[in-house]
Structure formats: C-alpha cells, structure tokens
Amino acid sequence: MKGNKKVLSLLTIVSLAVPVAYVNAVSSVDLQDGGIGKSTHFLDQAPNIAIDPKVENIIYPLLATPAIKKKGTSLTVQVDTKGKESSGWDVKINQTQNSGVEGEFSLPVTQVEKGSSHWKESSSIYNVTVSIPDDIAENLYDLEITYTANGTRVTDEEPNSVKVINEFKKDFKFIHLTDIHVGSPRNINDPANATEAGMWNPDESKRWLYLQKTINQVNLLKPDFVVMTGDLMFGQLNPQEYIYEYEETYRMLKKLNVPVYIVPGNHDFYAQDATLADGAKYWEHYFGPQYFSFDYGSYAHMIGYNSFDWHKFDRQGHGSLSVPTWGGQIRDEQLNWIKQDLAKNGQTASENQVRGLFSHHNPIWRDKDIWPSSDPEVGEYWKEYDTQHNPQNLTTLVKGEKLGLKYDQQWHGEGALDLIDIMKQNKVNISLHGHTHIDNITNQDGILYSTTASIELSAMPWVGYRVFQKEVDKADFNSYIYEGPDRSMPVYQNGNTTAGVVSFEHKFALPNDGTQVTQTATITNRLNKEISVNIPFYMKPGNYKGTNGQIVENKLYGTKQLIEMKVTIPANSVKEVKLTK
C-alpha cells in the first residue's frame, strides 16, 4: 500500500524537510545493478543481530515459487552448490509441519547437469531432475536434497515447495491474497482491533489473528494454488525492522497447506537509511526471485513480477515513516523478460489457456493520469520528471513524496504503458493486484484487472480475498465477486473485524489427533453464498463411513489415518459432518 498517506496518531511523521543524511546518501549509494544488494548491509553494521536466510542451496522450487507436479512426471530441482563440485545426489519430499501426519518419499534421480537461473548469478548451479512416483499421495510437501560437495555431505530443505497431484483440472481454482502486512501498526489504528491484530503478542498462537484466520479459511477452501501480491510486512519504521518481520512472515506463510506464489510490494522493498537495510536483499534470502513464471499444467501460464522496480535510492527511507516513493514502476530488464516469457509460452499454449500476470501495483492506475492537472504543483512535478524519466534527482523525489501524501501514489514511474501493450499483444486475459487496500474490478481491452482488498485490518470495505473458479472450456473465471460490482470474499462476518467472528469456520467435537474412532465436525457458514470446504479428519486406522459429505481422500500414515471430506454448506447455515466405523 501507499508508504505514508495515513499516519497513526501514536506515531509522528517527520517533516518534509530533507535530512542531511538523505542528501549525503546520493554519493554513497552503489549505482550498480540498480543499487540492489550492492551497498553496505545493516547486518555488517550490527553483527550481533542475526537473520536466518531460508534460500541457501535450493533455488527452485521454493516456498514462494513452488512446483506443482503430476504423478508419474519429472521435476527439475535447481541447486546452487556455491562454487563446489558436487555428486551423490539424494532427493526426498517430506510431509509439511502442518500436514498432521508424518512420512517421507525418495524421488529417483534421473539426470544431473549444469544449469543457470535468471535470478541467481552463479557458475555452480546444478539441474537435478527427479521422477515423481505414482504411489505418492496427492499433497503439499517439503523438499529435501542431499549431495556431496568437496567431500562433505550437504543437506538443504525448502518447506511447502512441491505439490504432487493426480491430475491438472480444467476447472481449477485459485485464491488471490494481498497486503497481509505482518508488523504493521495500522492494524491497531482502531484500538478495538487490538485482539485481532495480535501485534507482537508473546503467545504465537494469538499473534496476527487476522492472518491466522485467513490462512485457516484458505486451507479449508483448498484452492489449487494461491497468488500473493506483496506488502507482506511493514518495513517502514527503522533499519532493523526487516530482521524480525521477514522471519515472522515466513513462519506464518508456512501454515498454508496449498502452494503459494509470492511477489514483493513496496513495503517489502524499502531501503532504510540508504546503505543500511535493503528489503530487496532480504527478499532474496527468504523468498528468492523478484519475478518468475509458472504453469498450472496446460491450463494456465502465470507471471509474477516486481512492480516496485526502482533504483535503491528511490526506495530509501531515513529511519522514519517517510519514504519518497511507494508507487509502481517496471524497468526494461523485467519488461524484456516478460515479453520473452510470454512469447515462448505462446509457441505451445493450448486453447483457452489462462494467461495471467500478478503484481503489487495496477498498471492501469497511473499517477500521471490520476493526479489533477489543475494543481500547479502537479504540472511542475511532471514537467521536471519528464526531463529524465528516472527520478535520480533529490528535488524530484521530494516533490513526488509531497504530492504522494496529497494524492497517494499508484503507478508512479515508468513501464506501465509498455507492460499493457505487451499484455495485449500476447493475449493476457487476467491481471491481479493489491496496494490500495480496496476492491476494484475493471475490464479493459479484453483483460480483467482485479484489485483486491487487503488482509491488513485497514481494508475497505472489509478484509477480504478473491476466489477465482475457472470455467471449463473457457478462458473466463467466476466467483471472484462476492457481492456488488467488485467486493471480495470477507474474512469476517459482514466485514466486522472488531467482533472477531469469521465468515466461515469448522470445529471438531473431539481432539483431531488420530486417537479417535468417531468424530464430528461442525461447519458454520455465515456468508450469503454457498461454499464447499475440505475437512481433514485424523483417525485411528479402520474402515469409516461419513455423513453429509464426500470422502475424497483416505490414506494410512503409520498409526494415523487421514480421511478428507468435501462438504458443501448452504448460505447462512450450519452443517454437521460425522465419521464412524
């Protein structure tokens, strides 16, 4: 979302006067590679504060760029051995920490060769191709890879990174989440939201309840995948903030039991104090690439890109709420990559394939079109901006920040029109975004531009997400509007966050821990529409029958038997589902 249009009463924003450190930063910012990750990092200045990088050797698939693979097919894992010659490869997938069961499966290695990556510069990347056996259950798994590097065995793991499926579905379903803002003080703008915010509660089970409840709903709806369009954290208060916000966000996202594809927003990429903490560096350590593409079988080709693609100087703050740039931009490197990726996909695209792009900022909302031309300061700003088309100028940044406070920043910089042209030329039909914390649906030139309200508690008209259900034999979707012309699915009943009552939930009569021979789940739907959910029952081994639902999975894992039931609940109703021997 915008960097600083709204400010909490408990925080004082600095004046628009430019600090000396801000001015002096011009000469100290490293200009190579857009200034990303090249200058002094905060941890070099404060080595006693530690982060725990998640992206080590495995660079694909990752938690934020998972692989969805059909049984009986192959998967190519990319590993950076960091300059070491490697051999003796072993690859496994394990049940995730939230799966409720235990188990691991070896994946036979069929080929190993040197490779390369568009986002990771290294001469020691290996492509390790493995086969997915037919007897592995349809599930989301952690990936584990072990190899010998210069005589030493090395093991690396990546959670929630491989989804094994029986078949790709023509009528697939995905969910769009955005602006979860872990650590944001705006979650307690209204003190009545304090409980739901769970702002750094010492008890992790009570922390970020609004996000925990959203994740619970997503897991119940069990989409084929999730796309998340940035602003995962707040990152705007001090140079140390990302150290704990990235760690906390990663911990929360591991609670999702479905594949999730994630791109950054402005709040994830701020560069506090110019040469101290760079969010782009943290992103690489925790989530990997800034942009990528993935396929859902032959039915969808999706591209996630970084719409906060600014030079490091443009992204910097100075130890306060004040940042000069929080609007969108995309530069030539990404634009060319997107163009090439779409062209390559077009060579093999099937009929009615969904072609989608997703990012934090919506390219059809350009500040140059939105800011009122009747304001003399606006005219002066764009005149100055247009002389360079890349605001590496301090006065331009300051003027843009001032007008941003007045009118907000949407797509503030370059690349929007070029991107839209590329989308039209390559028959992209859906474009997904966040940033504004509001809902909007716009159809333009055959492209559905969908902006979704935030999960942060500042959302208007309510905290929500979108469910996109693909129509069979069409490139269209349904169900993404809950009501009215554009409203998303509300996380809370009638959008009321302070009451804390969610739109739908389930409760078990007995502990759901594999010790029962009978179990009842009560599902409550407070929405004004019918929903279908998947309920996992963990039972003692045995033969079971269910009522009021359809058994869609029944598998034994050691001493636990997982029985998953699909249940449809009418609008504003309650349904009991029972399992008995």
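The values are calculated or read from the model by the stated rules, or taken from the named source; none is laboratory data. All figures in this text were calculated on a predicted structure; none of them were measured in a lab. Quick reminder, even Gly has a Cβ in these numbers, built from the backbone with ideal geometry, and neighbours come from all protein chains shown. Surface accessibility is based on the protein's heavy atoms, side chains included, excluding ligands, DNA and RNA. Shrake-Rupley method; radii C 1.70, N 1.55, O 1.52, S 1.80 Å.
Within region 72-97, the set of residues being open to solvent by 50 Å² or more (accessible area, probe 1.4 Å) and within 26 Å of the chain's Cα centre (by Cα) comprises 74, 76, 97. Of all residues in region 145-152, at least one satisfies being in contact (Cβ under 8 Å) with a residue 40 or more places away in the chain, aliphatic (A, V, I, L, M) and within 18 Å of residue 59 (Cα to Cα).
Would you check if residue 463 is modelled with pLDDT of 95 or more, β-branched (Val, Ile, Thr), more than 18 Å from residue 362 (Cα to Cα) and in contact with a helix residue (DSSP H, G or I) (Cβ under 8 Å, 6 or more places away or on another chain)? When the stated conditions are applied, residue 463 passes them. Take residue 204 and decide whether it is modelled with pLDDT under 95, within 24 Å of the chain's Cα centre (by Cα) and either open to solvent by 60 Å² or more (accessible area, probe 1.4 Å) or not acidic (Asp, Glu) (or both). Judged against the criteria, residue 204 is a match. Test residue 180 against the stated conditions and say whether it is in a loop (DSSP other than H, G, I, E, B) and buried (at least 24 other Cβ atoms within 10 Å of the Cβ). When the stated conditions are applied, residue 180 passes them. Only one of the listed residues (192, 197) is hydrophobic (A, V, I, L, M, F, W, C) and open to solvent by 20 Å² or more (accessible area, probe 1.4 Å). That residue is 192. Among the residues of this structure, residue 187 does not count as one that is touching a residue at least 60 places away in the same chain (Cβ under 8 Å), open to solvent by less than 30 Å² (accessible area, probe 1.4 Å) and either in a strand (DSSP E or B) or within 27 Å of residue 523 (Cβ to Cβ) (or both). A search for C-beta distances below 6 Å between a residue of region 495-515 that is among the acidic types (Asp, Glu) and any residue that is open to solvent by 50 Å² or more (accessible area, probe 1.4 Å), counting only pairs 6+ apart in sequence or on different chains, returns nothing. Every condition in (1) charged (D, E, K, R); (2) at pLDDT below 90; (3) touching a helix residue (DSSP H, G or I) at 6+ places or on another chain (Cβ under 9 Å) is met by residue 44 except one, and the failing one is (3).
Residue 128 passes every criterion in (1) part of a strand (DSSP E or B); (2) open to solvent by 40 Å² or more (accessible area, probe 1.4 Å) apart from (2). Scanning region 337-348 for residues that are β-branched (Val, Ile, Thr) and in a helix (DSSP H, G or I) returns a single hit, 338.
The residues of region 337-356 that are under 19 Å from residue 225 (Cβ atoms) and either among the aromatic types (Phe, Trp, Tyr) or crowded, with 16+ Cβ neighbours inside 10 Å (or both), listed by number, are 341, 345, 349, 352, 353, 354, 355, 356.
Counting only residues that are in a loop (DSSP other than H, G, I, E, B) and touching a Leu at 6+ places or on another chain (Cβ under 9 Å), region 190-234 holds 4 of them. Given the structure, is residue 161 closer than 21 Å to residue 260 by Cβ and in a loop (DSSP other than H, G, I, E, B)? Here the answer is no, as residue 161 does not meet what is asked.
Looking only at region 372-392, residues that are farther than 20 Å from residue 330 by Cβ and not aromatic (Phe, Trp, Tyr) come to 12 in all.
So if I check each of 145, 136, 165, 215, which one is more than 26 Å from the chain's Cα centre (by Cα), over 25 Å from residue 238 (Cα atoms), open to solvent by less than 40 Å² (accessible area, probe 1.4 Å) and of a type in the set (A, V, I, L, M, F, W, C)? Among 145, 136, 165, 215, only 136 is more than 26 Å from the chain's Cα centre (by Cα), over 25 Å from residue 238 (Cα atoms), open to solvent by less than 40 Å² (accessible area, probe 1.4 Å) and of a type in the set (A, V, I, L, M, F, W, C).
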